[in-house]
1. Would you confirm whether or not segment 301-310 contains a residue that is open to solvent by 10 Å² or more (accessible area, probe 1.4 Å) and of a type in the set (Asp, Glu)?
2. Can you confirm whether Ala18 is in contact with a Pro (Cβ under 9 Å, 6 or more places away or on another chain) and of a type in the set (Gly, Ala, Ser)?
3. Quick one: in segment 25-35, of everything that is open to solvent by less than 60 Å² (accessible area, probe 1.4 Å) and under 40 Å from the mean Cα position of the chain (by Cα), which residue is modelled with the highest pLDDT?
4. Can you name the number of the only condition in (1) at pLDDT 90 or above; (2) closer than 30 Å to Ala68 by Cα that Val259 fails?
5. So which residues in segment 74-120 are within 24 Å of Thr232 (Cα to Cα), open to solvent by less than 10 Å² (accessible area, probe 1.4 Å) and assigned to a strand (DSSP E or B), if there are any at all?
6. Step by step: first the residues of segment 220-276, then only those that are within 30 Å of Val530 (Cα to Cα), of a type in the set (Asp, Glu) and in a loop (DSSP other than H, G, I, E, B), then the one that is most open to solvent (accessible area, probe 1.4 Å). Which residue is that?
7. Among residues belonging to segment 444-484 that are among the acidic types (Asp, Glu) and under 23 Å from the mean Cα position of the chain (by Cα), point out the one that is nearest to Gly348 (Cα to Cα).
8. List the residue pairs whose Cβ atoms are under 7 Å apart, where the first residue sits in segment 445-468 and is without any contact (Cβ under 8 Å) to a residue 60 or more places away in the chain and closer than 27 Å to Arg511 by Cβ, the second is assigned to a loop (DSSP other than H, G, I, E, B) and of a type outside the set (D, E, K, R), and the two are 6 or more positions apart or on different chains.
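The values are calculated or read from the model by the stated rules, or taken from the named source; none is laboratory data. This structure is a prediction, so every number in the text was calculated from the model and none was measured. Here the Cβ positions follow ideal geometry from the backbone for every residue, glycine too, while neighbour counts run over all protein chains shown. To get the accessible areas, we keep the full protein, side chains included, count just its heavy atoms, and leave off ligands, DNA and RNA. Shrake-Rupley method; radii C 1.70, N 1.55, O 1.52, S 1.80 Å.
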Amino acid sequence: MATEQLTAEQVLAHVDQAGGTIDDSRTLSPVQPLTLEEQLQRIESSTSDEQDKQALQEEEAAHKAASAWQLSLQGILLSLQSKEMVQFTSIEKQPVYLTLDGRQTVRLGSPEYRLWSLLPSSGEGVAQAELESSLGKDTFKLAQARAFRNKMARRLPDGTFARSEASLTEPIQDDAKTELLEIAKTGTLSGEGADKKLAELKKRKMIAQRKLLYFSVTKGPQFALQVQKLETDLTAEMLASGSWKKAAFKKYNFDAEGVLPPAGALHPLLKVREEFRHIFFDMGFTEMPTNRFVDSSFWCFDSIFVPQQHPARDVQDTFFVADPPAAKEVPEDYLKRVVEVHENGAYGSIGYRYPFSRSVTEKLVLRTHTTAVSSAMLHQIANQPDGFKPAKLFSIDRVFRNEAVDATHLAEFHQVEGVVADYGITLGDLIGFMQVFFSKMGVKNLRFKPAYNPYTEPSLEIFSYHEGLKKWVEIGNSGMFRPEMLRPMGLPEGVNVLGWGLSLERPTMIRYGVKDIRHLVGHKVPLESVEKAPAVRF
């Protein structure tokens with residue numbers, strides 16, 4: 001529906017003719033939405049669903065045309081307001097109208113009332129099939145639930161439906177139809193419980209709302225009937241001729257947002273990663289080098305006392321490198337001590353009692369956890385020239401596991417790991433570290449559950465109470481590294497090492513409200529979401 005738009009000068013003339021104030025800009029529009037009287041007349045005269053649909057389409061078209069006209073007027077008003085020629089206020093309303101279901105209810109009655117009307121006043125039962133034939137299966141389903149809820153009908157022992165005992169003696173009113181007629185006449189409901197009744201009708205999809213925007217307009221301090229062109233630049237010619245003295249300049253809009261320069265953006269994972277790094281640095285940790293994505297099975301498994309028959313080392317869980325298939329070298333002296341612990345045990349352990357295979361330990365894999373890095377670093381600090389010194393180390397980097405990809409799992413993800421090596425530290429120190437570390441993330445309600453890991457004893461799973469999910473969820477794993485892992489490295493007696501780890505993806509998904517990990521990492525990630533992702537602070 002095409003309508004002629006006003007010019008800026010025409011708007012100014014209307015304001016002047018109205019005495020300087022237009023209370024309702026709808027009076028200027030050549031197209032108006034249908035009035036309540038016109039809509040009511042259509043509703044009451046309708047005899048079919050087709051007529052109701054046609055009436056709704058025409059009403060919607062008129063409303064859209066009127067709204068489009070007001071939006072175009074808004075652009076003109078904004079321009080005039082920037083020149084201080086007018087001032088205006090936006091007024092927004094959401095009038096209620098009857099939907100197709102609502103109009104059908106006015107014409108035929110509500111589903112529950114129609115069901116009640118089909119039931120004999122004598123109290124005799126009517127078979128469900130007969131009622132479905134009269135009302136239709138979908139309408140009967142709705143009517144049955146409402147009729148039972150409103151105590152209008154009951155089911156007899158033989159499975160038939162009858163009027164409720166109360167409605168046999170007292171007349172039943174079709175409240176829904178009465179309320180819809182009042183809305184059609186007045187645009188709303190009045191009286192006690194009106195808001196609740198409107199909400200119920202809206203829930204039943206018998207009524208809906210349309211957005212309606214219009215304006216009140218008054219003269220501004222620079223009001224005139226003609227729009228003067230404002231200069232936007234002070235030029236050399238204007239300075240030379242002196243014309244700038246009489247020129248009218250457009251005021252700077254200091255509230256306007258400038259054009260964002262093209263720039264790169266950190267991925268949400270990297271933003272959360274930086275926050276974790278700052279937490280570790282704040283606690284005095286040093287970051288470990290994690291650039292070895294491909295590592296030998298010795299560092300990934302054997303050095304941390306994982307037996308060579310462990311299921312995690314199968315092809316179903318680990319990515320093995322085909323070319324080259326094996327590491328060129330492993331530290332021989334250290335390997336001998338590791339072999340001895342695996343085969344025969346030591347340091348209070350009986351070991352695993354199996355023949356250790358060198359070919360297995362030399363196999364190259366994509367590292368399955370960053371503990372491979374921690375193991376190499378612990379071996380390094382145990383054998384440094386000036387002897388062992390206490391250390392606090394952390395790493396955040398990618399690990400790889402042969403897992404099926406779904407909403408919560410990827411074959412490639414990030415692991416956050418921290419280790420502390422010192423004399424005499426205990427499980428109590430581990431729990432204390434956990435409480436401090438997670439409190440810096442804003443997580444303070446923790447619980448610890450005993451668990452099993454091949455290379456830590458005791459081991460603890462870390463749980464936090466999730467306020468949104470209203471339940472305890474696992475957020476990490478931790479433990480004290482076993483002597484069978486530490487002593488072959490060369491760490492002196494009395495030195496204990498505690499460690500903990502968690503994923504980077506899970507807290508990132510929680511922080512950014514991502515439900516499917518594939519929408520955080522991978523080809524499905526929209527670049528716009530990366531550019532607009534806010535900074536994160538724990």
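1. Restricting attention to segment 301-310, the residues satisfying the condition of being open to solvent by 10 Å² or more (accessible area, probe 1.4 Å) are 307-310.
Checking the rest, the ones that are also of a type in the set (Asp, Glu) come to none.
Among the residues of segment 301-310, not one is open to solvent by 10 Å² or more (accessible area, probe 1.4 Å) and of a type in the set (Asp, Glu), which makes the answer no.
2. Details: in contact with a Pro (Cβ under 9 Å, 6 or more places away or on another chain): no; of a type in the set (Gly, Ala, Ser): yes.
No; evaluated as a whole, the condition is false for this residue.
3. Keep residues of segment 25-35 that are open to solvent by less than 60 Å² (accessible area, probe 1.4 Å), which gives 25, 28-29, 31, 33-34.
From the residues that got through so far, the ones that are under 40 Å from the mean Cα position of the chain (by Cα) too are 25, 33-34.
On the way: Ser25: 93, Pro33: 89, Leu34: 90.
Out of the qualifying residues, it is Ser25.
4. Tallying (1) at pLDDT 90 or above; (2) closer than 30 Å to Ala68 by Cα, Val259 fails exactly one: (1).
5. Val86, the sole residue that qualifies.
6. Glu257
7. Glu474
8. Listed pairs, sorted by first residue: Ser464/Val443; Ser464/Asn445; Tyr465/Asn445.
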